[in-house]
Structures are given as C-alpha cells and as structure tokens.
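Reviewing the structure listed below.
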Amino acid sequence: MARRFRGRRIVVASHNAGKVGEIADLLAPHGIDIVSAGGLGLPEPEETGTTFGENAAIKALASASASGEAALSDDSGLAVAALGGEPGIHSARWGGPRRDFGLAMQRIEDALPPDAARDASFVCALALAWPDDHIEIFEGRVDGHLVWPPRGTRGFGYDPMFVPRDGALTFGEMDPGAKHAISHRADAFGKLAAACFADAP
Ligand code: IMP
C-alpha cells in the first residue's frame, strides 16, 4: 500500500518552468500548493539513472532531503520507436546546452530515415519522496506519431511535432486542458493521486 501524502505543500523537484506549471495545475484541484526546487535555490542533482523512474527518484529524493519537505519530481521524454527509443531519457540533452527544442526536433527529423515509421510515445515517471527517503514512483505514457514541420506554439519541448493517437492536432496546437486530459504526465499523475492523495477514493 502506497504512503499517503497529507500535507498542503509539495516541492516540485524541477527547474523546467513548463513542467512546474503543468504539475501545479495537476495538484491544484487536490488543494496542494507548490514551490519549485528552482524557487528554493535547491541544487539540480546529476541524472545518472538509466530509466525514467531512476532519474525521477534521484531528483525527488535530492529535493526532499535538501528541503525537509515532500518533493515531487517528473522525469519524462519522447521515445521514438524508429530511433530505438531515443531521445528517451536524454530528451532534455538533445536540446543542447541552451535547451533549444527547435534544434532537438530537427535532430529527430534528420535522424529518421525517409521511410521509417513515425510512431513515438511521451513517457513520464513521477516520483513522490519524503525527507525520510520513502518514495513512491508511477509511470504514464501517451502514444502517437511525429509530424514535420512542427506545428503550434503552446506547451513546451517536443510538443509541436507530436500528435497523440486518434488526434489531428499536435500537443503544441492543443488547448492546455486538452493536453492535460490525455498526456503521459496526466496518466502518471492519475495513478499517483489515486494511490497517495488523501482525497482520492
Ligand atoms: P527531464 O527534465 O530530464 O525529464 O527532461 C524531459 C525533456 O523531455 C523535456 O526537456 C522536454 O524536452 C521533453 N518532454 C517531457 N515532457 C514533455 C511534454 O509534455 N511535452 C514536450 N516535451 C516534453
């Protein structure tokens, strides 16, 4: 049985403003406020794991122990089937030191052979850690395909080149509420909320 979170505030163990905003929106209906690790000036640990879950755990445990509060981290990325799952856990790094996702999307497009299948999935691991090092980890995904050129200015990262299965719009074109309803982050978050939040059934 997962440990329940009964507080009113969670440290979001991320320095990525796009993710922090999406997680704040997901937590708000549960009456939970957030403060970001960046806002608290917490250091960013090195992501040395080999899976989304391992990297999420590293980040959540580091923020929980540095802040003395429960911390929620997200490790996520785009897995492209024809590229053996890359960029995967390296999704942020494909944007280079300046985190230029126009460049990262171009890298993906250039790496895909012309006749390759364009199937891709966004994957998200959410880890909720407490200062005593207890941790709960949940994984979610959304399957879809890649389009070129990228479309839309909403969302962040690789959103403009990803169309979810049975959809027509990219995540970059969709209303944020529509993305939140089906995203990999929402999938993982639904599992976390059901297991760990006191207001869950
Ligand atoms: P992380 O901070 O190491 O987990 O990096 C995850 C990277 O994956 C982000 O910088 C984005 O480029 C990409 N990513 C994760 N989730 C999304 C999403 O919902 N939309 C677009 N890109 C995403």
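The values are calculated or read from the model by the stated rules, or taken from the named source; none is laboratory data. Predicted model only: the values in this text are computed from it and were never measured. For neighbour counting, all protein chains shown are included, and Cβ atoms are generated from backbone atoms with ideal geometry for every residue, glycine included.
Might you let me know whether region 80-95 holds any residue that is without any contact (Cβ under 8 Å) to a residue 24 or more places away in the chain, of a type in the set (A, V, I, L, M, F, W, C) and touching a Pro at 6+ places or on another chain (Cβ under 9 Å)?
The answer is yes; a qualifying residue exists.
Of a type in the set (D, E), over 21 Å from K191 (Cα atoms) and within 16 Å of the ligand (Cβ to nearest atom): is that true of D132 in this structure?
For D132, the condition - of a type in the set (D, E), over 21 Å from K191 (Cα atoms) and within 16 Å of the ligand (Cβ to nearest atom) - is not met.
For region 5-21, state whether one or more residues are more than 19 Å from A194 (Cα to Cα), among the charged types (D, E, K, R), within 11 Å of the ligand (Cβ to nearest atom) and at pLDDT 95 or above.
No, every residue in region 5-21 fails to be more than 19 Å from A194 (Cα to Cα), among the charged types (D, E, K, R), within 11 Å of the ligand (Cβ to nearest atom) and at pLDDT 95 or above.
Only one of (1) farther than 28 Å from A62 by Cβ; (2) away from the ligand (no atom under 11 Å from the Cβ); (3) modelled with pLDDT of 95 or more is not met by M105, so which one is it?
(2)
Quick one: how many residues across region 66-90 are of a type in the set (S, T, N, Q) and either under 17 Å from I137 (Cα atoms) or modelled with pLDDT under 95 (or both)?
Residues flagged as of a type in the set (S, T, N, Q) and either under 17 Å from I137 (Cα atoms) or modelled with pLDDT under 95 (or both) within region 66-90 amount to 2.
Show me the strands (runs of 3 or more DSSP E) entirely contained within region 91-201 in which 1 or more residues are of a type in the set (D, E).
Of the strands (runs of 3 or more DSSP E) lying wholly inside region 91-201, those with at least 1 residues that are of a type in the set (D, E) span 119-129, 135-146.
If a residue must be buried (at least 16 other Cβ atoms within 10 Å of the Cβ) and not hydrophobic (A, V, I, L, M, F, W, C), how many such residues does region 159-179 contain?
Of the residues in that region, 8 qualify.
Note down all Cβ pairs under 8 Å where the first residue falls in region 7-18 and is over 10 Å from L42 (Cα atoms), the second is modelled with pLDDT of 90 or more and loosely packed, with under 11 Cβ neighbours inside 10 Å, and they're at least six residues apart or on different chains.
Close Cβ pairs (under 8 Å, with a partner that is modelled with pLDDT of 90 or more and loosely packed, with under 11 Cβ neighbours inside 10 Å) amount to R8/G31.
Considering (1) within 17 Å of the chain's Cα centre (by Cα); (2) surrounded by fewer than 16 Cβ atoms within 10 Å (Cβ to Cβ), say which one F156 fails and leave the rest.
Of everything listed in (1) within 17 Å of the chain's Cα centre (by Cα); (2) surrounded by fewer than 16 Cβ atoms within 10 Å (Cβ to Cβ), F156 misses just condition (2).
Using the structure shown, decide if D187 is free of Cβ contacts under 8 Å to residues at least 24 places away in the same chain, buried (at least 16 other Cβ atoms within 10 Å of the Cβ) and closer than 17 Å to I23 by Cβ.
Answer is no for this residue.
Each row is one residue, and each column tells you yes or no for (1) of a type outside the set (D, E); (2) assigned to a strand (DSSP E or B); (3) over 18 Å from R185 (Cβ atoms).
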{"residue": "M1", "(1), (2), (3)": "yes, no, yes"}
{"residue": "P45", "(1), (2), (3)": "yes, no, yes"}
{"residue": "A57", "(1), (2), (3)": "yes, no, no"}
{"residue": "S76", "(1), (2), (3)": "yes, yes, no"}
{"residue": "A79", "(1), (2), (3)": "yes, yes, no"}
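Report, by residue number, each residue of region 84-98 that is within 11 Å of the ligand (Cβ to nearest atom) and either on the phi > 0 side of the Ramachandran plot or of a type in the set (V, I, T) (or both).
G88, I89
For region 22-31, name all the residues that are more than 13 Å from the ligand (Cβ to nearest atom) and either buried (at least 21 other Cβ atoms within 10 Å of the Cβ) or part of a helix (DSSP H, G or I) (or both).
Matches in region 22-31: A24, L27, A28, P29, H30.
Tally the residues that are small (G, A, S) and surrounded by fewer than 23 Cβ atoms within 10 Å (Cβ to Cβ), restricting the search to region 92-130.
Of the residues in region 92-130, 9 are small (G, A, S) and surrounded by fewer than 23 Cβ atoms within 10 Å (Cβ to Cβ).
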